[in-house]
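One structure is given here, and the rest of the page talks about it.
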Amino acid sequence: MGFKGFIRFNSINVNSIDENSGIFTGNNNQYNWSSHSKENSGFGTIKGKRNLVIRPYNIVIDPDQIDNPNGSFRRTV
């Protein structure tokens, strides 16, 4: 079909970057980039006035269960 996808962001706001994260824009190649870990986290958003969070209970749903079964896969671009 030859259709190319196009996504435009007016801005990107990053609150934190952890161990296996990166932000890459434009035409680029990330040489020797690899990640051998996975971390799921989630808290959500609290909106409104006078909100108080006591003893937050968080659930992250990860249905695939196995992301890197042998833990030794390394892909170098």
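What's the total number of residues in segment 43-71 that are within 21 Å of GLY22 (Cβ to Cβ) and either aromatic (Phe, Trp, Tyr) or at pLDDT below 70 (or both)?
Here the count works out to 3.
I need the full set of residues from segment 12-34 which are loosely packed, with under 10 Cβ neighbours inside 10 Å and among the hydrophobic types (A, V, I, L, M, F, W, C), in order please.
ILE12, VAL14, ILE17, ILE23, PHE24 - these are the residues of segment 12-34 that are loosely packed, with under 10 Cβ neighbours inside 10 Å and among the hydrophobic types (A, V, I, L, M, F, W, C).
The values are calculated or read from the model by the stated rules, or taken from the named source; none is laboratory data. If you're wondering where the values come from, they're calculated on a predicted model, not measured in any experiment. FYI the Cβ positions are ideal-geometry reconstructions off the backbone, even for glycines, and counts take in every protein chain you see.
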